[in-house]
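One structure below.
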Amino acid sequence: MKIKSNIAISDNGFVFNPVTGESFTANPTGLEIMNQMRRGASAPQIVETLCTLFQVEPTQAERDLQDFIEMMRQYHLLSYDEE
């Protein structure tokens, strides 16, 4: 799964879906997750980055990642390889 290619993400966390016209603002953690996903990082790599940048425990980083992915799924911001 990855972020749809048409989703615009600014450096300050503004997210725009041109298909729906919806926009969102991501916090620094969410922005880092999206940037890592765009770079093709795996879930373990993203967790490691979150632990380093935000000085959180791996269990917290994993939970944050899963919660954010679920939110992105609900807003239809993700694409899947089989689509």
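General observations
- Surface accessible to a 1.4 Å probe, per residue, for the residues of the chain, Å²: 65
- Integer Hz, Karplus 6.51/-1.76/1.60 couplings in order for segment 6-19, x for Gly and Pro: 8, 7, 8, 10, 7, 5, 9, x, 7, 10, 10, 9, x, 6
- Count Lys and Arg as plus one, Asp and Glu as minus one, and take only other residues whose Cβ is under 15 Å from that of Q74; the net charge is then -1.
- C-alpha long axis of helix 58-74 to longest principal axis of the chain, angle in °: 10
- Apportionment of accessible area to carbon and sulfur, the chain, percent (1.4 Å): 49
- Backbone geometry of segment 51-57 corresponds, through the Karplus equation with coefficients 6.51, -1.76 and 1.60 at θ = phi - 60°, to 3J(HN,Hα) couplings of 4, 6, 6, 10, 6, 10, 6 Hz, x marking Gly and Pro.
- Count Lys and Arg as plus one, Asp and Glu as minus one, and take only other residues whose Cβ is under 13 Å from that of L53; the net charge is then -3.
- When the residues F24, F54 are ordered by accessible surface, computed with a 1.4 Å probe over the protein chains alone, the sequence from largest down reads F54, F24.
- Cβ-defined net charge surrounding F16, 14 Å radius [Lys, Arg +1; Asp, Glu -1]: -1
- The angle between the Cα long axis of helix 28-38 and the main principal axis of the chain comes to about 70°, on a 0 to 90 degree scale.
- Taking every alpha-carbon pair under 8 Å whose residues sit at least 6 apart, the chain reaches a relative contact order of 32 percent.
The values are calculated or read from the model by the stated rules, or taken from the named source; none is laboratory data. This one's a predicted model, so the numbers in the text were calculated from it and none came from an experiment. Here Cβ is always computed from backbone atoms with ideal geometry, including for glycine, and neighbour counts include all displayed protein chains. With ligands, DNA and RNA removed, areas are computed over all heavy atoms of the protein, side chains included. Shrake-Rupley method; radii C 1.70, N 1.55, O 1.52, S 1.80 Å.
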